[in-house]
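The values are calculated or read from the model by the stated rules, or taken from the named source; none is laboratory data. Everything numeric here is computed off the predicted structure, so don't read it as measured data. The area values use the complete protein model at the heavy-atom level, side chains included, leaving out ligands, DNA and RNA. Shrake-Rupley method; radii C 1.70, N 1.55, O 1.52, S 1.80 Å.
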Amino acid sequence: MSMPSLTELLVILLIILLLFGAKKIPDLARGLGAGIKNFKDAMKSDEESAPTTMASTPTAPVPTQESQSTSQPSISQQAPQPSQTTPSEQPKA
């Protein structure tokens, strides 16, 4: 498909002018320009804030199967439960 000719472009512009009116077209263009500017500003601020956010967020190492088994205390290392205390360890009333 080739580029539209000059007369086709003029017909398209005339139809747009009739549909929206002479007053609406500058308002639409102004709104479109402001939207594009806001979008670019938001993209720029996201790029600037992304490295600082990533650097300030600490990451914990992912535990492996070995580290999970060694980091859990064995039953003998755990504190005794109240039901496991001996009579000499219980407070006197």
State which residue is nearest to the chain's Cα centre (by Cα) when the search covers only the stretch 1-37 and only residues that are among the small types (Gly, Ala, Ser) and assigned to a helix (DSSP H, G or I). Gly35
Give the number of residues within the stretch 15-40 that are of a type in the set (A, V, I, L, M) and open to solvent by 100 Å² or more (accessible area, probe 1.4 Å). 3
